[in-house]
Amino acid sequence: MTKPEKIRCDACPVMCYIAEGRAGACDRYANENGQIIRCDPLTILDRRIAKGDAVKPFLAADWDGASASGDDVIVSAIGAGTTYPDYKPAPFIVSRDIEGVDFVTVVTEAIFSYCGVKVKIDTDRHLGPEAATVRAKSEAVGHVMTSEYGSQMLSLGGVDHLTGGEKAEGRVTCDTLLRLCNGEAVELTIDGGSHVVVQAGAAPIVDGKQESRMRVGCGSATIGMFAVQWQGLVDEVVVVDDHITGVVSEHQAGKVIDWPETGIKINGRRSTPGRYFKVAEPGMGWGGTDIDDPLHILGPWRAAKGARPGLSLLMVSTTGEHAAYFVLDDNLEPQPQPMPAALQPSVDLIAENCEPALCTVLFMGGAGGSLRSGVTRNPIHLTNSVKQDRTRVTIGGAPTYRWPGGGITVMVDVTQVPAGAFGYVPTPALVAPLEFTVRRADYEALGGHGASVRDLEDVLARGGEYGRASRVLGDGA
């Protein structure tokens, strides 16, 4: 018996030979009855579903297509297929009426070798030194970027990790990016730092501990916000912070409300009054430092500057997770005491003003390459149209931020993209749904593939090169 002939798929550079009933290496295309089909359906996004409005049954026999039009409905690139090898028009170029204006949406699943994710992790914990290598399954997949206001940033992926290292590095990098973009949890380790579990929209887990809140601000900002809450309840307040530790009696906020001197001395680098840098090393302790005992940052108290027996001291972190109360003894040494009931609400107020700690994952890719040929015969015209804001770029229907400068480099919050929208090809590269929306007249002016423009009803009825399976989701579902 002769085996059925395998069919070559040209949807990506791998160009798999696929047997009947089997899928290619990417699990996105399959051989069905001797034809290459897209395994996932073309996805239509409808804002009315997201709002809970009633819609007619999708593809019902008596449906005339009237509800699938206008600004509420768009064809996303999810399940559309690719333009590869890029000389041909995009899989779907769809015309639709929006408030009396004819718009064209060009959709394609873009193959991104030049892509990565930027991860924002809300935490006071020290994840690792800046520029430290980030690893997944022991392979280098990125590096630590800067610390921002209550968050630390990671840059993962990029062409050097995808294609510039050993095969294992490229495969693991691609898998890490894919899982993060599709909303899955990923375990990462940082050289010289922590083990972190990251998932878009979820709280980070740092060295086995799930974060619950991000800081209300730095130590100085906390003093500025809450100085009046402490006035009359305690003699001194120190907000411990890895970056900027605040001291209320020295801070301008304290000066404005006539807070008296206390003779306190901080072991750190004094910046401006009441603000200190480098009181300790970064770590997993108080305020993102490496200390468990806050008294470690204090020097000798100075009687000449106002220190006296009985002087009370509140030390608190920028999240309110750590707080302690002390009273100076006869030797001007702080001794721990129970937190006064009148003072506890001020600590609780810090915690109340902290936002939930979350991980944010932004997909970032350069769409300024050959895939533009699927939109227009003269690709630079598309680039210029995007820069002039004549053409809107979305990913899976979600709004993007376009970086200034050359090319079409965009970022998108992956939680705004429908679940499972990202795919991969084993070159390795990520595949992301990409849409360009432009007025029909402008599309024709930029040299678009006018002969390939179709209306939405025709797309739903006849499908495209890789089949006609379709589905409707609420916009951003």
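So here's what we get for this one:
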item: Under Karplus coefficients 6.51, -1.76 and 1.60, residue-wise ³J(HN,Hα) of the stretch 358-363 in Hz, glycine/proline x; result: 9, 9, 10, 10, 10, 6
item: Positive-pole candidate from C174, L233, T222, dipole of the chain, charges at beta carbon; result: C174
item: Mean shadow area of the stretch 239-283, taken as a quarter of the surface of its Cα convex hull (nm²); result: 3.0 nm²
item: Kirkwood-based Rg to Rh ratio, the stretch 165-319, C-alpha trace; result: 1.14
item: Evaluated over the stretch 195-282, the Cα radius of gyration and Dmax, each in Å; result: 15.7, 47
item: Cα-based equivalent ellipsoid of the stretch 256-394: semi-axis lengths in Å, sorted from largest, via gyration tensor; result: 55, 17, 15
item: Size of the stretch 274-356 as Cα extents on the principal axes (Å, biggest first); result: 42, 32, 21
item: Anchor K278: aspartates and glutamates whose Cα lies under 12 Å away (excluding residues fewer than 8 positions away in-chain); result: D241, D242, D290
item: For the stretch 385-426, convex hull volume per residue from C-alpha positions, Å³; result: 90 Å³
item: Entries in K120/K209; K137/K167; K120/K387; K265/K305 that, when Cα-Cα distance is taken, lie over 20 Å; result: K120/K387
item: The stretch 63-221, relative contact order [Cα under 8 Å, separation at least 6], %; result: 18 percent
item: Longest to shortest principal axis, alpha-carbon extents of the stretch 87-177, angstrom; result: 54, 36, 16
item: Normalised convex hull volume, the stretch 333-477, alpha-carbon set, Å³ per residue; result: 250 Å³
item: Pairwise FRET efficiency - D191 versus Q335, Cβ, R0 = 35 Å, nearest 0.05; result: 0.25
item: In Å², nearest 10: area of K305 left accessible to a 1.4 Å probe; result: 100 Å²
item: Theoretical gain in end-to-end length, V327 to Q229 [0.36 nm per residue, Cα-Cα removed]; result: 33.4 nm
item: Using distinct alpha-carbon pairs, which all enter the 1/r mean, Kirkwood radius of the stretch 394-464 in Å; result: 14.8 Å
item: FRET efficiency estimate (nearest 0.05) - Cβ-Cβ, D27 to S452, R0 25 angstrom; result: 0.35
item: Value of relative contact order over the chain, rounded to a whole percent, pairs C-alpha under 8 Å and six or more apart; result: 21 percent
item: Two-decimal ratio, the chain, of alpha-carbon radius of gyration to 2.2 N^0.38 Å; result: 1.25
item: Centroid-to-centroid separation of the stretch 377-399 and the stretch 98-172 [C-alpha atoms, Å]; result: 22 Å
item: Loop-exposed chymotrypsin sites (Phe, Trp or Tyr not before Pro) per DSSP, neighbour cap 12 Cβ within 10 angstrom, longest uninterrupted part of the chain; result: 150-477
item: Ellipticity estimate at 222 nm from DSSP helix runs (n ≥ 4, -39,500 (n - 2.57)) divided over the chain, nearest 500; result: -4000 deg cm²/dmol
item: Equivalent ellipsoid semi-axes, the stretch 333-404, via Cα gyration tensor eigenvalues times 5, rooted, Å; result: 56, 12, 11
item: Expected-Rg normalisation [2.2 N^0.38 Å, Cα atoms] applied to the stretch 120-219; result: 1.05
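The values are calculated or read from the model by the stated rules, or taken from the named source; none is laboratory data. Treat the numbers as computed from the prediction; the structure is a model and nothing was measured. Every residue, glycine among them, receives a Cβ derived from its backbone with ideal geometry; neighbour counts consider all protein chains shown. Remember, those area values only see protein heavy atoms, side chains included, never the ligands or the DNA or RNA. Shrake-Rupley method; radii C 1.70, N 1.55, O 1.52, S 1.80 Å.
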